[in-house]
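S.K.: What follows is a structure written as structure tokens; I'll ask about it next.
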Amino acid sequence: MNIASVIDGHESATTALIEEGQTMTYGELGAQVTAMRAGLAALGVGKGSRVLVIGENESDFVVALMAAVGLGAQCAPIRASNPLPEVERKVATVDPNVVVLCTTAKWLDGSLESIGRQVCAVQETVAAGAKLAPAALVECDDGDTAFLLLTSGVTSHAKVAVLSHGNLDWVQQAVVGGGDGLNCEDVALGLLPLTHIFGLNVVLFATLRGGGSVVLQQRFDALRSLELIEQHGVTTISGAPGMWHRWVNTEVEGNPLSGVRRASSGAAALPIETFNQVRDRFGIEIGEGYGLTETSPVLTWSRGVKPRAGSVGRPLEGVEIVIVDPDGTPTDPGDVGEIVVRSPGVFQGYMDAPEETAQVLTDDGWFWTGDMGVFDADGFLYLVDRIKDIVIVSGFNVYPAEVESVLLEHPEVRGAIVVGAADPNTGEAVVAHVSGQVDIDELDQFCRERLSRYKCPREFHVVDELPMSATGKPLRRALRS
Amino acid sequence: MAVVRTAAHRLWDFQIEGIENIPSDGPALITPNHLSFCDSIFVPSALPRRSWAIGKSEYMDSWKTSYIFPALGMIPINRTGGKAALLALDEAAAVLDAGHLFMIYPEGTRSRSGYLHRGRTGAARLAARCGAPVIPVGHEGTLAVQPPDAPMPKPGLPVTVRFGTPMHPDDFGYPDDPRALRQFTDALMYEIAALSGQTYVHQYASSDDKPGELASLPKPKIAMPPGRATAPKLSSAEPAPIDLRRPSPVGGR
């Protein structure tokens with residue numbers, strides 16, 4: 001098997017990719033991928049080679065990924081919008097045999113040569129490869145590495161997650177299959193970065209596997225997205241909560257999402273307010289899901305069941321999830337604990353980092369996510385917070401996310417980050433950093449009316465701006481003393 | 001009942017605080033910390049009206065308890081086994097539905113460590129089912145009066161029972177939030193700790209605990225990743241006591 005075969009077996013005249021108004025059929029895509037394979041093979045790429053592909057959500061990127069993986073190589077996709085030092089760092093981390101530049105990454109041509117690797121550009125390699133004898137799709141085992149994905153993580157330094165053909169294949173089957181599955185009539189919005197597991201596996205691979213089309217959008221522009229959705233009859237949208245928030249707040253006539261039959265959200269918590277706004281404005285109920293790069297990614301989702309506000313849905317069939325205490329004892333039903341999972345989508349480990357891998361993966365395949373969650377009586381999962389961020393006050397657990405959501409309910413509070421600080425009386429205490437025109441005493445009272453005593457912040461700091469990560473997530477570690 | 005109460009005041013330096021927190025009529029769930037066998041004498045004695053509780057049926061065999069406990073309103077039940085436990089809670093619910101006071105120990109068993117242990121959600125479940133307020137109770141001194149192996153309580157010592165502000169599970173998101181009962185129980189234990197002066201540990205009481213020492217937990221069902229550091233049982237080396245001076249909650253989550 002080889003997951004690059006998702007592009008095979010479809011009607012060659014049907015549309016695979018749409019990019020800036022140009023369509024590429026499955027036939028055309030297949031031809032480019034075949035040529036690319038030959039071109040890469042001529043550069044020595046084969047099973048086990050490492051190929052780093054630099055690009056954005058463009059057809060070049062898709063061609064390069066499919067060709068590299070199709071040769072049995074280990075593919076590491078990164079964004080061309082990274083500044084040069086970032087790119088160089090990532091290249092050093094992955095240590096590829098070949099670097100492939102897509103059209104958007106052409107600016108790197110020349111800058112990377114000095115690192116002494118083979119660098120090639122997609123279109124040139126396709127042109128060269130078309131003249132060579134074809135290189136066949138390479139048979140791979142389930143356990144063979146397909147992708148090396150850098151996980152940025154806001155709480156720890158970047159690691160490289162090793163994902164196999166089997167990992168991605170299994171999740172694709174779940175996404176495509178079933179009564180409500182993807183088929184050749186589907187048109188997906190390809191806005192989520194293809195360098196991230198959500199966009200890569202759930203949008204790109206799964207849609208192509210089903211024979212549908214992907215409308216590639218390189219940069220987030222809310223209005224442009226809505227235009228594309230309407231123009232190309234998009235039927236399925238996967239987005240991050242921030243995208244949904246922007247779409248629902250964009251001024252546009254009518255309902256551009258009237259043809260959408262499936263809407264998903266992942267990568268971060270979907271605010272209940274956004275869910276409600278999308279339902280009221282577009283008539284769609286977003287099905288939230290949960291997963292990590294390390295799980296390829298889908299673990300739970302709300303497909304096929306009525307979404308519950310604040311829940312990330314139910315486990316996929318075949319995913320085992322247990323909520324445990326710090327030492328591994330399963331908690332009582334309804335108690336919060338760490339989410340520990342086992343599924344065919346669980347990754348192979350972190351590249352060249354056996355110690356880091358040993359901190360999260362057991363010998364019998366259980367992956368400890370580091371996320372805290374709880375199930376309700378019907379088996380719906382709710383995420384609570386990251387385990388590393390828990391504040392322990394007089395022996396009681398306080399989840400910063402919970403305190404932050406209460407602070408955000410205050411009309412004057414624009415943003416809030418809650419962290420723990422050492423306290424001589426209680427071990428740790430809750431400290432809140434907020435931005436906005438707030439009166440601290442009033443905010444203190446506001447908290448006391450809504451939170452158990454031990455969850456109320458010991459102190460408040462009002463700031464102009466809160467530190468954020470590149471992906472828009474609040475940076476708690478920047479505020480810890 | 002009156003006899004027992006009078007005796008309690010005569011034989012011990014018995015102080016009661018916060019009695020105004022007990023509603024004068026209607027149901028309420030009384031939830032005290034549990035350190036000594038004689039808790040079941042002192043707490044009901046402090047109440048302004050009659051209360052019921054679940055008692056181990058083995059207690060009823062002793063001459064001491066077969067008179068005193070019924071006088072205190074004890075419903076004896078054999079506490080082993082699921083069905084028996086369910087029956088006991090049904091009986092408890094009936095008592096609350098009839099508008100009476102019912103006492104239950106959220107820790108589920110005596111604390112042998114001296115710490116206040118993680119609460120079981122049964123009390124919250126019961127209160128939510130019957131729509132009854134929950135009165136947190138913290139007492140001090142009962143352990144000195146009757147330590148675990150002492151056959152009789154020692155007179156002349158001080159015992160204080162403190163009643164806190166009533167709490168309601170509905171204020172914690174019940175029944176919509178799946179965490180509501182656990183959140184309520186944690187908040188309840190926080191109040192009990194503030195009233196009793198004990199240090200709290202987020203671990204259930206075990207018969208293997210010793211004074212000041214927690215038993216190591218049974219073998220986990222899910223293997224831990226080999227590289228993970230051993231999980232700490234307590235939040236810090238010396239669990240810190242709770243600030244008693246902060247005001248009681250109005251409501252909360």
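The values are calculated or read from the model by the stated rules, or taken from the named source; none is laboratory data. Model, not experiment: these values are computed from the prediction. Because the Cβ atoms are built from the backbone with ideal geometry, glycine has one as well, and the counts that use them run over all protein chains shown.
S.K.: Looking at region A:260-274 only, could you name the residues that are out of contact with any helix residue (DSSP H, G or I) (no Cβ under 8 Å at 6 or more places or on another chain) and either over 29 Å from A:ARG342 (Cβ atoms) or free of Cβ contacts under 8 Å to residues at least 40 places away in the same chain (or both)?
M.R.: A:ARG261, A:ILE272, A:GLU273, listed by residue number.
S.K.: Restricted to region A:377-395, and to residues that are part of a strand (DSSP E or B) and facing chain B (nearest Cβ under 10 Å), which residue is nearest to A:ALA421 (Cα to Cα)? Break it down into steps so the answer makes sense when it comes.
M.R.: First, the residues of region A:377-395 that are part of a strand (DSSP E or B): A:381-386, A:391-393.
Cutting the leftovers down to facing chain B (nearest Cβ under 10 Å) gives us A:381-382, A:384, A:391-393.
Values: A:LEU381: 30, A:TYR382: 26, A:VAL384: 20, A:VAL391: 8, A:ILE392: 10, A:VAL393: 10 Å.
Here the residue is A:VAL391.
S.K.: Quick check on this structure: which one of A:ASP352, A:ASP325, A:ASP371 is within 14 Å of chain B (Cβ to nearest Cβ), of a type in the set (Asp, Glu) and surrounded by fewer than 21 Cβ atoms within 10 Å (Cβ to Cβ)? Walk me through it before giving the result.
M.R.: Details: A:ASP352 fails: within 14 Å of chain B (Cβ to nearest Cβ); A:ASP371 fails: within 14 Å of chain B (Cβ to nearest Cβ).
Testing whether each residue is within 14 Å of chain B (Cβ to nearest Cβ), of a type in the set (Asp, Glu) and surrounded by fewer than 21 Cβ atoms within 10 Å (Cβ to Cβ) leaves just A:ASP325.
S.K.: Select the strands (runs of 3 or more DSSP E) contained entirely in region A:1-81, then report the ones holding at least 3 residues which are modelled with pLDDT under 95.
M.R.: Output list is empty.
S.K.: Moving on to the next point. May I ask you to say which residue of B:GLN183, B:GLN198 is among the polar types (S, T, N, Q) and touching a strand residue (DSSP E or B) at 6+ places or on another chain (Cβ under 9 Å)?
M.R.: None of the others qualify; the one that does is B:GLN198.
S.K.: Mind telling me which of the residues A:VAL91, A:VAL51 ends up being touching a strand residue (DSSP E or B) at 6+ places or on another chain (Cβ under 9 Å) and free of Cβ contacts under 8 Å to residues at least 40 places away in the same chain? Give the steps one after another, and end with the answer.
M.R.: Numbers: A:VAL51 fails: free of Cβ contacts under 8 Å to residues at least 40 places away in the same chain.
Matching residue, one of A:VAL91, A:VAL51: A:VAL91.
S.K.: Hey, another quick one. Where in region B:8-127 are there helices (runs of 4 or more DSSP H), lying wholly inside it, with at least 1 residues that are modelled with pLDDT of 90 or more?
M.R.: Counting at least 1 such residues, we get B:39-46, B:82-97.
S.K.: Kindly establish whether A:TYR399 is under 25 Å from B:HIS117 (Cβ atoms) and more than 9 Å from chain B (Cβ to nearest Cβ).
M.R.: Yes.
S.K.: Next up: Pull up region A:169-188, narrow it to residues that are buried (at least 24 other Cβ atoms within 10 Å of the Cβ) and in contact with a strand residue (DSSP E or B) (Cβ under 7 Å, 6 or more places away or on another chain), then point me to the one that is farthest from A:ASP352 (Cα to Cα).
M.R.: Among those residues, the one meeting the criterion is A:ALA188.
S.K.: Any chance you could count how many residues in region A:328-340 are under 25 Å from B:GLY122 (Cβ atoms), modelled with pLDDT of 90 or more and at the interface with chain B (Cβ under 8 Å from one of its Cβ atoms)?
M.R.: The qualifying residues number 1.
S.K.: Give me a count of the residues in region B:150-183 that are outside any loop (DSSP other than H, G, I, E, B) and either without any contact (Cβ under 8 Å) to a residue 60 or more places away in the chain or at the interface with chain A (Cβ under 9 Å from one of its Cβ atoms) (or both).
M.R.: Of the residues in region B:150-183, 7 are outside any loop (DSSP other than H, G, I, E, B) and either without any contact (Cβ under 8 Å) to a residue 60 or more places away in the chain or at the interface with chain A (Cβ under 9 Å from one of its Cβ atoms) (or both).
S.K.: Is there a residue being more than 24 Å from A:ARG314 (Cβ to Cβ), at pLDDT 90 or above and assigned to a strand (DSSP E or B) anywhere in region A:343-356?
M.R.: The answer is yes; a qualifying residue exists.
S.K.: Kindly evaluate A:GLY365 against the criterion of being in a loop (DSSP other than H, G, I, E, B), within 30 Å of A:GLY177 (Cα to Cα) and more than 9 Å from chain B (Cβ to nearest Cβ).
M.R.: yes
S.K.: Next question, about the same structure. Take A:GLY395 and decide whether it is more than 20 Å from A:VAL341 (Cα to Cα) and surrounded by 22 or more Cβ atoms within 10 Å (Cβ to Cβ).
M.R.: Spelling it out, A:GLY395 is indeed more than 20 Å from A:VAL341 (Cα to Cα) and surrounded by 22 or more Cβ atoms within 10 Å (Cβ to Cβ).
S.K.: So which residues in region A:293-318 are assigned to a loop (DSSP other than H, G, I, E, B), closer than 19 Å to A:SER264 by Cα, away from chain B (no Cβ under 13 Å) and under 21 Å from the mean Cα position of the chain (by Cα), if there are any at all?
M.R.: Passing the criteria: A:SER296, A:PRO297, A:SER302, A:ARG303, A:PRO307, A:LEU316, A:GLU317.
S.K.: Determine, yes or no, whether A:ASP423 is more than 14 Å from chain B (Cβ to nearest Cβ) and more than 19 Å from A:GLU402 (Cα to Cα). Explain how you work it out, then say what you get.
M.R.: Numbers: more than 14 Å from chain B (Cβ to nearest Cβ): no; more than 19 Å from A:GLU402 (Cα to Cα): yes.
So A:ASP423 does not fit the description; no.
S.K.: Follow-up question, since we're still on this one. Among A:GLY310, A:GLY337, A:GLY304, which is small (Gly, Ala, Ser), in contact with an Asp or Glu (Cβ under 6 Å, 6 or more places away or on another chain) and on the phi > 0 side of the Ramachandran plot?
M.R.: On the way: A:GLY310 fails: in contact with an Asp or Glu (Cβ under 6 Å, 6 or more places away or on another chain); A:GLY337 fails: on the phi > 0 side of the Ramachandran plot.
Going through A:GLY310, A:GLY337, A:GLY304 in turn, just one is small (Gly, Ala, Ser), in contact with an Asp or Glu (Cβ under 6 Å, 6 or more places away or on another chain) and on the phi > 0 side of the Ramachandran plot: A:GLY304.
S.K.: Taking region B:116-133 on its own, how many of its residues are touching a residue at least 40 places away in the same chain (Cβ under 8 Å) and under 19 Å from A:ASP335 (Cβ atoms)?
M.R.: Adding up the residues that qualify gives 12.
S.K.: Continuing with this model, one more query. Check region A:369-376 and report whether any residue there is farther than 25 Å from A:LEU149 by Cα, more than 18 Å from the chain's Cα centre (by Cα), of a type outside the set (Ser, Thr, Tyr) and in a loop (DSSP other than H, G, I, E, B).
M.R.: Yes, region A:369-376 contains a residue that is farther than 25 Å from A:LEU149 by Cα, more than 18 Å from the chain's Cα centre (by Cα), of a type outside the set (Ser, Thr, Tyr) and in a loop (DSSP other than H, G, I, E, B).
S.K.: I've got another one for you. Can you name every residue in region A:398-418 that is part of a strand (DSSP E or B) and crowded, with 21+ Cβ neighbours inside 10 Å?
M.R.: A:VAL398, A:ALA416, A:ILE417, A:VAL418 - these are the residues of region A:398-418 that are part of a strand (DSSP E or B) and crowded, with 21+ Cβ neighbours inside 10 Å.
S.K.: Checking the structure you have, find out if any residue of region A:280-287 is surrounded by 21 or more Cβ atoms within 10 Å (Cβ to Cβ) and within 24 Å of A:VAL341 (Cβ to Cβ).
M.R.: yes
S.K.: Could you list all residues from region A:229-259 that are without any contact (Cβ under 8 Å) to a residue 40 or more places away in the chain and either among the β-branched types (Val, Ile, Thr) or assigned to a helix (DSSP H, G or I) (or both)? Outline the logic, then answer.
M.R.: Keep residues of region A:229-259 that are without any contact (Cβ under 8 Å) to a residue 40 or more places away in the chain, which gives A:230-231, A:241, A:245-259.
Residues satisfying the conditions are A:GLU230, A:GLN231, A:PRO241, A:HIS245, A:ARG246, A:TRP247, A:VAL248, A:THR250, A:VAL252.
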